[in-house]
Structure formats: structure tokens, C-alpha cells
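The values are calculated or read from the model by the stated rules, or taken from the named source; none is laboratory data. This one's a predicted model, so the numbers in the text were calculated from it and none came from an experiment. Positions of Cβ are backbone-derived with ideal geometry, glycine not excepted, and every protein chain shown enters the neighbour counts. Quick note on the areas: whole protein, heavy atoms, side chains included, nothing else; ligands and nucleic acids left out. Shrake-Rupley method; radii C 1.70, N 1.55, O 1.52, S 1.80 Å.
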Amino acid sequence: MRRETEAGGPHAGSTGGSRAGGAEGLGAREALAPDDVAPDERWPAVLVAGAPELSARLLAEVFGPLLALAPAERALLVGTLDAWLECGGSVGRAAARLRCHRNTVFNRLRRLERLTSRSLSHPCELVETVLALEALRWSAGRG
């Protein structure tokens, strides 16, 4: 069992380049088939699309409780995660993109961490979360 994180999980001061995309959650980017993904553009999407059975297992394991939420609530949390990732892990920039207070972003990310039992401040668990997010996009595009 993974351990839950404390309030300081997502790092507000992280820097990094942002990628194109929005905070609309699943609708932010098109789900891609394996042949539609250029490896040098988005490695996580390539990995997910190339192993659909493993991707489905990863999605169920990591995002299972998240998938059980009402669609609007799920989209809110996924959109917040997506914005935070697009903003290089900056809570302040994600809050500006989402047009909400930075504490709202912190609270949503902490809720996501509790639901997934994954910490966004632990690199291996963050990788699992990002891959599960790609698997969610991929499965939404297939369905």
C-alpha cells in the first residue's frame, strides 16, 4: 500500500517548460493511437498506446477510485492535474490557468493523491500518475 502525502506534496515553486494544452481534463488533448504518436513528442503517450493491456491495468490500479467519481468531479481533478503538469509543477501558474486560488489547486492535488495513493512529490509515483493520465486519455479516445 502506498502512503499518503502531507500538505506539501505538489511543489509550488517548481519550474519547467509548459506544453501546449488546456485545463479541460480529458478534452485537453486528443487521445492517440500508436501510429499517431511521434516518439520524440510524447514518450508517455507512445508507451501507453503501445501496450494497451498494460495501460488498462495501470489505469485501473492507479486511477480506479478516481474513475468511480461523478464525471464532473473526476474532470475537475484530472483537469487540475493536467494544468499542474502543463505548468511544470507550479501551483501558482496552474491556479492562474484554472482561474482559481492556489490553495484550491493544492487541495485538489492532495485529494487526487489520497484517491490514487500516489504522491506527486515522489518521482516514481509521479511517473505512474502521468502514465495513468495518458492511459485515461487513450482509453477515452478509443471509447
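Solvent exposure of the range 55-128 amounts to 44 Å² per residue of accessible area, where only protein heavy atoms count and the probe is 1.4 Å.
Candidates A94, V127, L47 compared by Cα position along the dipole of the range 34-143: farthest toward the positive end lies A94, with charges placed on Cβ. Per atom type, the range 39-82 shows carbon and sulfur on 66% of its accessible surface, probed at 1.4 Å. Peptides 123-136, 77-90, ordered by how many other C-beta atoms sit within 10 Å of their residues on average, highest first, read 77-90, 123-136.
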